[in-house]
Amino acid sequence: MNFQALHHVAQKLSVLNEQGLHRQRRTTASLCQPQMRVNGQPVLTFNSNDYLGLAAHPWVMEALREGVSMYGAGSGASHLISGHSRAHDQLETALASMLADHIPSVRALFFSTGYMANLGVLSALGDLSKGDLTFFSDELNHASLIDGIRLSRSNYLVYAHNDLQQLQARLMASDSGTKVVVSDGVFSMDGDLASVKELLALCKQHGAWLLIDDAHGFGVLGDQGAGLLQQAGLCSEQLIYVGTLGKAAGVAGAFVAAHSLLIEWMLQRARPYIYTTAAPAALAHALLTSLQIIVGEEGQKRRAHLTKLIDAFSGSLIPSHWRKLASSTAIQPLVVGSNAAVLQASADLQSQGIWVSAIRAPTVPPNTARLRITLSAGHTMDQLDQLKKALATLHPS
């Protein structure tokens with residue numbers, strides 16, 4: 001290499017490798033389901049966010065095929081030019097209907113990804129109250145929330161994870177005209193829940209918006225899968241709800257649901273929505289079938305089976321030096337410690353035909369590297385037993 005800048009890149013990559021932080025992709029060659037082929041080998045997977053097992057559901061797959069025949073492969077333009085199809089419109093109406101009991105005058109806006117949804121809503125809020133807005137963000141929030149807050153160019157304060165007293169003190173001390181509390185619903189690396197009832201009470205006390213990113217709760221939590229707001233029985237016009245459609249819903253995309261006035265403002269000012277080609281209408285058409293499953297009897301059965309799997313995993317034997325984080329969700333993290341140790345644990349499981357990803361910094365704090373085990377309604381009890389037996393054979397490094 002003669003270009004000096006490339007030498008700098010190579011050195012930086014070498015440092016990542018030495019620290020056990022170099023990431024590598026694996027190539028799958030099968031449907032997204034518990035039994036997959038990865039790098040040409042059959043494996044039992046416990047690292048997908050397909051919590052209800054809908055990614056390979058025959059009804060959803062058929063709906064996608066039907067959507068392609070109706071709308072083609074692409075949308076051709078942004079939503080505000082010519083890319084907003086009837087399927088997109090129907091999907092937004094269906095999503096708003098699911099949240100109607102929780103957000104008065106609710107309306108939903110569909111985005112291509114969850115990352116774009118968070119960038120869109122947070123930057124639009126910043127544009128709404130330039131120079132007079134403060135975000136209050138949980139320290140364990142997802143990277144897309146952190147980046148969206150930065151993109152807004154607004155003031156922000158970080159509060160300790162689920163620390164309501166610290167949050168209250170910071171809300172009381174703030175003289176901003178607009179305040180927005182921002183939190184994951186289900187925290188993606190720990191699997192625990194935000195205290196949404198208490199958060200909303202604080203927001204009402206201080207006249208603040210409450211933005212909940214329920215990427216890992218939508219479809220899974222609540223009697224009809226409407227997420228953490230439904231599970232907690234919340235209703236307020238101060239709520240802003242972000243849901244992801246590539247996890248429990250099994251397809252792709254995301255949405256923001258809020259009071260119709262705020263959604264109309266986003267339509268005018270959310271740059272990640274305005275200045276991108278709309279997601280293919282076929283995806284929206286397939287998602288309509290996903291939502292029907294989620295709110296229907298089959299969705300209830302799948303959530304019930306997932307709950308049984310979570311309960312059954314709670315008593316798993318793990319090496320004594322590891323730490324199992326308290327989680328009632330499909331995300332079941334096992335904190336191993338060092339990068340080297342978690343990579344070895346993941347490799348040991350791989351040698352037994354089980355794929356569990358090793359999660360390291362900066363995704364999680366240093367020295368808290370972990371196996372992030374995720375359960376799906378697509379798993380059987382026998383498959384879960386296979387994972388438990390494999391974990392019991394591991395030894396800490």
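Where a number appears in this text, it was derived from the coordinates with a stated rule and is not lab data. From a predicted model like this one, the values you see are computed outputs, not experimental measurements. Cβ coordinates were reconstructed from backbone atoms using ideal geometry, including for glycine residues, and neighbour counts include every protein chain displayed.
By DSSP, what percent of the beta bridges with both residues in the chain are antiparallel, rounded to the nearest 5? Within the chain, antiparallel bridges account for around 55 percent of the total. Gyration tensor over the Cα atoms of the stretch 58-295: the corresponding equivalent ellipsoid has semi-axes (square roots of 5 times the eigenvalues, largest first) of 30, 19, 14 Å. With each label modelled as a point 7 angstrom along the Cα→C-beta vector, the A160-S174 pair spans 1.9 nm.
Under the criterion of Cα pairs below 8 Å and six or more residues apart, the relative contact order for the stretch 58-295 equals 32 percent.
Provide the packing ranking of 69-76, 41-48, i.e. peptides ordered by the mean count of other C-beta atoms within 10 Å per residue, highest first.
Working: 69-76: 14.9, 41-48: 18.8.
Ranking, from highest mean packing down: 41-48, 69-76.
Pairs from the table (K130/K204; K324/K389; K12/K130; K204/K247; K308/K389; K179/K324) lying more than 27 angstrom apart at Cα are K12/K130; K204/K247; K179/K324. Cβ-Cβ distance of E264 and K12, R₀ of 41 Å, FRET efficiency by 1/(1 + (r/R0)^6): the value works out to about 0.40. Think of it as helices only: each DSSP H run of n ≥ 4 in the chain is worth -39500 (n - 2.57), and spread over all residues that comes to -12500 deg cm²/dmol at 222 nm.
Relative contact order for the stretch 217-343: 17 percent, from Cα pairs under 8 Å spaced at least 6 residues apart, divided by residue count.
Here the calculated FRET efficiency for S338 and F3, from their Cβ-Cβ distance with R0 = 30 Å, stands at 0.30, rounded to the nearest 0.05. When both bridge partners sit in the stretch 58-295, DSSP labels roughly 40% of those beta bridges antiparallel. Averaging the Cα positions of each part gives two centres, and for the stretch 313-355 and the stretch 121-186 these lie 32 Å apart.
Centre-to-centre separation between the Cα atoms of the stretch 284-300 and those of the stretch 256-279: 24 Å. Sorting 257-270, 305-318 by average packing, meaning the other beta carbons within 10 Å per residue, from highest down gives 257-270, 305-318. Of the peptides 379-391, 143-155, the ranking by mean beta-carbon count within 10 Å, highest at the top, reads 143-155, 379-391. Using Cα centres only, tell me the gap between the stretch 15-69 and the stretch 202-253 in whole Å. Computed from Cα coordinates, the inter-centre distance equals 25 Å.
A Gaussian network model of the chain, with springs between Cα atoms under 10 Å, assigns the largest mean-square fluctuation among N49, N39, N141 to N39.
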